[in-house]
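Remarks on the structure that follows.
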């Protein structure tokens, strides 16, 4: 039998150890203010119960990093991937449904741009997330977006499809920023940048997923008439339904997760925020009842719940566009718009460029520049007199889309290991994209395609910018600021697509050199971002 006399030396050492640890917290500044009221030894299942007052970031660090963080990351990745498939996978749906819905080229163009129009509603979603909660906003946007995305698969006319997809994107597109905000606020500073890079890599992997699904589903040759609904079930409808499912799964996963403690604390509900932090600690493997934090210091302005709707709207919006946040707003809005547009503009041209590249190889390796290969003659002057409707997507397009998505997914995962040096990563990706713009017009076909792909590498830096939104904006304005920035970036992308497609056929070289100047300007603006700092121990 083990006696108390035998345990006394052990108890003495444990008391000395925990007393020393409490002193370490005070000396190292682990918490902003530390008030150690009691120190209880771990004996007979008991635990250390330090009553402390910490800043929010320190309180999150003390929850540990474990199962809950990975479950939250998984749920956010599902929603992020679902939003990307809902928006960008729709281009495949439009192409394959053109025969079934008897679409003209004008109608195809209108439908293909519909998801970008839906992003305009990012403003109210940011406001809702900052006043009602990140979790509520994600559940509502994902679930309703799922319903309208499924309705898109039942479209019997292009007008019906346009309305359904516009509403679906209006809801689902909120997931782009809301997942970033929720994940950033619930992850410790040590792992935050890495998690946001992983989230961005899943966004880039969406192209691999929906092209892969298209490769499997679209060749299925079936046509099932449904007289009651006046439509024919074909493979494109099945693909549309399957692409919508992740939105529903993401909403269900979010139900079992917690609201952002940062949002709760900033709203003034400190006890509920502490309760969520305690649950996070326990789900991460901590001993029940042993979470040490008893109070949270909130440096942000509290969100008032007594203001009217319009007063609250003004209170949430105006601070973003006036000092001291004005410079941050201009800086981050410009960089996010640059990164998104530099990637999205050429994604539109990517399948066409790749198809033309392979056709030029079939005709021999002639001594021509990239622009001479693609935009000489009447390559892009379509004639519609012999137009034959075809609802199949070529294998070259599918293979190139899968390879493109796989490359940038792997590249972002590799770069995520350097997530702590986010400013360096941002500068590096901008420099790579700008140099690739300058070199894309060489007289060598393989290098042409390589540099054309690399000039779209700005998408890798989006994770860095999202992490700056989490760090540089107070909680009260973070969701709205990120939503508005993404809305602005999408509109710049929409304008950029129309400008580039209008001028590139006749001014190809000038287009790439001008685009390089645009990208290099991001290095100048990004230079004034906060310097990379080491994560706390």
Only one of 377, 401, 434, 364 is surrounded by 18 or more Cβ atoms within 10 Å (Cβ to Cβ) and at pLDDT below 80. Can you tell me which? 401
Sole exception among (1) in contact with a helix residue (DSSP H, G or I) (Cβ under 6 Å, 6 or more places away or on another chain); (2) closer than 25 Å to residue 179 by Cα; (3) not in a loop (DSSP other than H, G, I, E, B) for residue 471, by number: (1)
When you scan region 409-431, do you find a residue that is buried (at least 19 other Cβ atoms within 10 Å of the Cβ), closer than 20 Å to residue 371 by Cα, touching a helix residue (DSSP H, G or I) at 6+ places or on another chain (Cβ under 9 Å) and modelled with pLDDT of 85 or more, even just one? no
Of everything in region 517-537, what is in a helix (DSSP H, G or I) and either surrounded by 19 or more Cβ atoms within 10 Å (Cβ to Cβ) or at pLDDT below 90 (or both)? Give them in sequence order. 519, 522, 526
Among the residues of region 436-449, write down those that are without any contact (Cβ under 8 Å) to a residue 40 or more places away in the chain and either part of a loop (DSSP other than H, G, I, E, B) or out of contact with any helix residue (DSSP H, G or I) (no Cβ under 8 Å at 6 or more places or on another chain) (or both). 444, 446
Which members of region 156-182 meet the condition of being part of a helix (DSSP H, G or I) and free of Cβ contacts under 8 Å to residues at least 60 places away in the same chain? 158, 159, 160, 162, 163, 164, 166, 167, 170, 171
Tell me yes or no: at least one residue of region 80-89 is buried (at least 16 other Cβ atoms within 10 Å of the Cβ), at pLDDT 50 or above, in contact with a strand residue (DSSP E or B) (Cβ under 6 Å, 6 or more places away or on another chain) and closer than 30 Å to residue 181 by Cβ. no
Any residue at all in region 488-503 that's surrounded by fewer than 17 Cβ atoms within 10 Å (Cβ to Cβ) and part of a loop (DSSP other than H, G, I, E, B)? no
Exactly one of these conditions fails for residue 230: (1) at negative phi; (2) in contact (Cβ under 8 Å) with a residue 40 or more places away in the chain. Give me its number. (1)
Please indicate, with yes or no, whether at least one residue in region 218-233 is under 30 Å from residue 457 (Cβ atoms), at pLDDT below 90 and buried (at least 16 other Cβ atoms within 10 Å of the Cβ). yes
Apart from one, (1) modelled with pLDDT under 90; (2) crowded, with 18+ Cβ neighbours inside 10 Å all hold for residue 268; the odd one out is (2)
Which of (1) crowded, with 24+ Cβ neighbours inside 10 Å; (2) at pLDDT below 80 does residue 107 not meet, given it meets every other one? (1)
Being surrounded by fewer than 24 Cβ atoms within 10 Å (Cβ to Cβ), at pLDDT 85 or above and under 21 Å from residue 151 (Cα atoms): is that true of residue 213 here? yes
When you look at residue 175, is it modelled with pLDDT of 85 or more and at positive phi, yes or no? no
If we scan region 190-205, do we find a residue that is surrounded by fewer than 23 Cβ atoms within 10 Å (Cβ to Cβ), over 28 Å from residue 71 (Cβ atoms), at pLDDT below 85 and in contact with a helix residue (DSSP H, G or I) (Cβ under 9 Å, 6 or more places away or on another chain)? no
Filter result for residue 251 (touching a strand residue (DSSP E or B) at 6+ places or on another chain (Cβ under 7 Å) and either modelled with pLDDT under 85 or crowded, with 22+ Cβ neighbours inside 10 Å (or both)): no
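The values are calculated or read from the model by the stated rules, or taken from the named source; none is laboratory data. Note that the structure is a prediction, hence the values are computed from the model and not measured. For neighbour counting, all protein chains shown are included, and Cβ atoms are generated from backbone atoms with ideal geometry for every residue, glycine included.
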